[in-house]
């Protein structure tokens, strides 16, 4: 993107002395040299032209992962449940990255909140992202969630709320795994990855959060089981603590302040911080059946 802009400036002819050359022309020559050198970088280019499907890519961590993927030159399909959020996400991405290649970012509507027809919708999403299997998916990232609060403890348990949470956070990943196993939409190799998003509630349960502990523990077990079932495709999970996402910003200010003060770093994480964890799982072809915790050291704090 930067190089493209400079290239346009650099196309202007200049015949004067080198010390009086326009700064834009000097930058153009430097950027060309950098671009040429970077083309041979084996680490920075690992995700170049890789095809990635991000469930929940319209906001929060999923949006940050999408940004990072685009910066690495990947081709990304973001999936979401609301057309307006998909449109807004694409508009923001094109504003941030005006020189995206045609087709580098695409969207697919896929409501994960209802179990009726869920498998078919997921299959359609993978079919779309892979162009019907013609261009197979290299990586799948799952960051989808919702704003339902289940912090009222076991006495306030509502079966309807639990069913919805299980549908989005557990059943959907199960069915994605099923579609991956029973279709030809995904590359079947150790270079391919499927990364869940869970949490830390199961690692250090606290009062009034047994349902969240159950959900995050279920995803941990599912990722390990799918790593065995889908091999050689790698399956891993990212366990975030409190992050400044849309889901968290709606909580009372005192809750967020307490989360900061109870961590070792005295801060809330930012989506662009944890996006690196997802990139790592995509890049490391030996990382399989494992987890990354990113919680500002909260698990270790008293």
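Rule-based calculations on the coordinates, nothing more; no lab input. Not measured: the values here are computed from a predicted model. Positions of Cβ are backbone-derived with ideal geometry, glycine not excepted, and every protein chain shown enters the neighbour counts.
Only Cα pairs under 8 Å and at least 6 apart count here; give the relative contact order of the range 74-123 as a rounded whole percent.
Computed value for the range 74-123: 47 percent relative contact order.
At a Förster radius of 30 Å, what calculated FRET efficiency corresponds to the Cβ-Cβ distance of residue 49 and residue 228, to the nearest 0.05?
Rounded to the nearest 0.05, the efficiency is 0.55.
Give the calculated FRET efficiency between residue 71 and residue 208 to the nearest 0.05, with a Förster radius of 51 Å applied to their Cβ-Cβ distance.
0.85
With a cut-off of 8 Å between alpha carbons and a minimum separation of six or more residues, what is the relative contact order of the range 47-300 in percent?
20 percent
Cα gyration tensor of the range 46-178, axes a ≥ b ≥ c as square roots of the eigenvalues: rounded (a/c below 1.5), prolate (a/b > b/c) or oblate?
Prolate, since a/c reaches 1.5 and a/b exceeds b/c.
Could you pull out which residues in the range 282-302 have an amide N less than 13 Å from a spot 7 Å beyond the Cα of residue 266, following the Cα-Cβ vector?
Answer for the range 282-302: none.
Could you grab the relative contact order for the range 71-189? Cα pairs under 8 Å, six or more apart, rounded to a whole percent.
Taking the mean separation of contacting Cα pairs over the length of the range 71-189, I get 28 percent.
How would you classify the range 150-302 from its alpha-carbon gyration tensor, with a ≥ b ≥ c the square roots of the eigenvalues: rounded for a/c under 1.5, else prolate if a/b is greater than b/c, otherwise oblate?
It comes out oblate by the Cα gyration axes.
How far apart, in nm, are the 7 Å Cα→Cβ label points at residue 84 and residue 300?
4.4 nm
Stretched out fully, how many nm does the piece from residue 41 to residue 286 gain, at 0.36 nm a residue minus the Cα gap?
86.2 nm
Please work out the Kirkwood hydrodynamic radius for the range 47-300, using every pair of different C-alpha atoms, and report it in angstroms with one decimal place.
Answer for the range 47-300: a Kirkwood hydrodynamic radius of 18.4 Å.
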